[in-house]
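Here's the structure, in structure tokens; my notes come after.
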Amino acid sequence: MKAVADQDMIDVDAVCVGMFVHLGLSWMSHPFPLGSFKISNAEQIETIRSLGLKRLRWNPAQSDVVATSTGRWGPREEDGAAACGADAAALRGESGPAPTFEPAEPAEPPVPPEVAGRQARKRAISEQRDALALCERQFTEASHDFKRLNDLVVGKPQEARAQAEALSKALVDKMLGEQDLCVRLLTDAAGDKASMHALNVTIISLLMGRTFGLSEPDMQDLGVGAMLHDIGKSELPDRVRHRDESLSPSELRFYEEHVAHGVTLARKMGLTPGAMLVLAQHHEHADGSGFPLHLNTDRMTAGARIVALVNRYDNLCNPHFAARALTPHESLSLLFAQGKSKFDTAILGAFIRMMGVYPAGSTVQLTDDRYAMVVGVNSSRPLKPRVLVHERGVPRDDALIVDLETAQGVGIRRSIKPMQLPVESLEYLAPRPRVAYFFEPMRLADEGALAA
């Protein structure tokens, strides 16, 4: 890896609007959606300075500011403009004379269209790989954090609560800091089944809470409650930790006791009332047919109604026995057909709009007969997701994601089960037996997508 040049390191007090900076911190250690970004306002500068950093790296090539002839920083387009921050020399930790400038080089000849096209495709592929890698790193880090806090629940409940609240806050901060988010399918599920389920439920529930405009404290309670909704299962034998048709009536009652065990552990942890109610009510149904208290919608909190639905969706997509898994599209269809009496209708409708008619992870056939896998959905365009298309002659690693919102003359004809795909398309798209979700800012999702 190329070493960072000393001149690319600046004092935190010297950063200014227009600089592209790299924080070099864990994604949970700061409230920004990304660890590398261009500073756009003074509030971001104040937040950066509050992180305790003394110096950080910046990228001159991606910044909107350059050294001016006066030795200060100004807009890239206007060399003589007033500086937007401290002296350029001070930013570099120098005290010498103002920088000198070489004569401008002759303009390069125009790039042929076919070469420009190849370059643009190469950039788009690189951007989409980077965006996916970022989501997967964040999911992996969150998964490891969940595993650590889950191991502390019984022996060190107070410490487990603190870590759960910290992880929930990190997720909430990332979500509330963006105007538009995309639900992103991950190619590999990090962590064990328990951590993947907990994170799937937490992430999708928080995105739902964001859709309904929940306050930040309510979002925090929703995140902690969703994350810990199954902690009571740690008190059960492996045989009855998962609901299954093979369970006897007595075993089923034993399984249902995981909610009471969870409430007991939640009290020891000192969870807030809001988070505890999410945990206590996540198996209740709108019509009163759930357990353990047979509550109806009017007696359930908004957070519990959200988690009850999301928990059911993830269990349909990722059951204990993988052979019984439904596709995301099938799971959504089943919830719509059979869940109207069991789930809050407003929440069910919002969930379908947010996840899209073809949720991320669905395999589909396009109107031009090609096969594809949905990899990203934005709630503002649920019928037009972003898809990875099987392109003959193009290696899978070089396949561009297609944005059906802007693609001309192509859409989705139907959802199709993975095993119904032609063998070549099945091997190319490689749908995963278990789906894991994260989120990303739409601007990153769009950068790596092909419009047509």
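Fewest neighbouring Cβ atoms within 10 Å first, the residues Tyr437, Tyr255 line up as Tyr255, Tyr437.
For Lys38, the lysines whose Cα comes closer than 17 Å to its Cα, not counting residues fewer than 8 places off in the same chain, are Lys174. Distance between the modelled labels on Lys54 and Lys122, one decimal in nanometres: 4.1 nm (7 Å Cα→Cβ projection).
With the charge dipole of the stretch 136-355 set up from +1 on Lys and Arg Cβ and -1 on Asp and Glu Cβ about the Cα centre, the Cα lying farthest toward the positive end among the listed residues His261, Pro157, Leu335 is that of His261. The tail of the calculated P(r) for the stretch 284-388, taken as Cα-Cα distances beyond 16 Å, holds 60 percent of the pairs.
May I ask for the distance between the Cα centers of the stretch 371-428 and the stretch 237-253, given as a whole number of Å? Centre-to-centre (Cα) distance: 39 Å. Looking at the stretch 363-450, the DSSP beta bridges with both ends there are about 85 percent antiparallel. Report relative contact order for the stretch 192-351 in percent, whole number only (criteria: Cα-Cα under 8 Å, sequence separation at least 6). Normalised by residue count, the contact order of the stretch 192-351 is 22 percent. Applied to the stretch 55-63, the Karplus parametrisation 6.51 cos²θ - 1.76 cosθ + 1.60 on θ = phi - 60° returns per-residue 3J(HN,Hα) values of 9, 8, 8, 10, 10, x, 5, 9, 9 Hz, with x for Gly and Pro.
On the beta carbon distance between Glu330 and Ser380, with R0 = 35 Å, the FRET formula returns roughly 0.90. Taking a ≥ b ≥ c as the square roots of the eigenvalues of the Cα gyration tensor, the stretch 363-450 is classed as rounded, since a/c falls below 1.5.
Spacing of the modelled spin labels on Val115 and Ser250, each 7 Å from Cα toward Cβ, amounts to 8.0 nm.
Rounded, prolate or oblate: pick one for the stretch 136-355, where a ≥ b ≥ c are the square roots of the eigenvalues of its C-alpha gyration tensor, a/c under 1.5 means rounded, and failing that, prolate if a/b is larger than b/c, else oblate.
Numbers: a/c = 1.22, a/b = 1.04, b/c = 1.18.
Cα axes put the stretch 136-355 in the rounded bin.
Can you figure out the FRET efficiency of Ser341 with His320, using R₀ = 30 Å and their beta-carbon distance, to the nearest 0.05?
On the way: r = 25 Å, r/R0 = 0.83.
Rounded to the nearest 0.05, the efficiency is 0.75.
Taking other C-beta atoms within 10 Å as the exposure proxy, Glu424, Glu235 rank Glu424, Glu235 from fewest upward.
Taken together, the values in this text are just the output of simple stated rules run on the coordinates, not laboratory data. In this text the structure is predicted, and so the values were computed from the model without any measurement. Cβ coordinates were reconstructed from backbone atoms using ideal geometry, including for glycine residues, and neighbour counts include every protein chain displayed.
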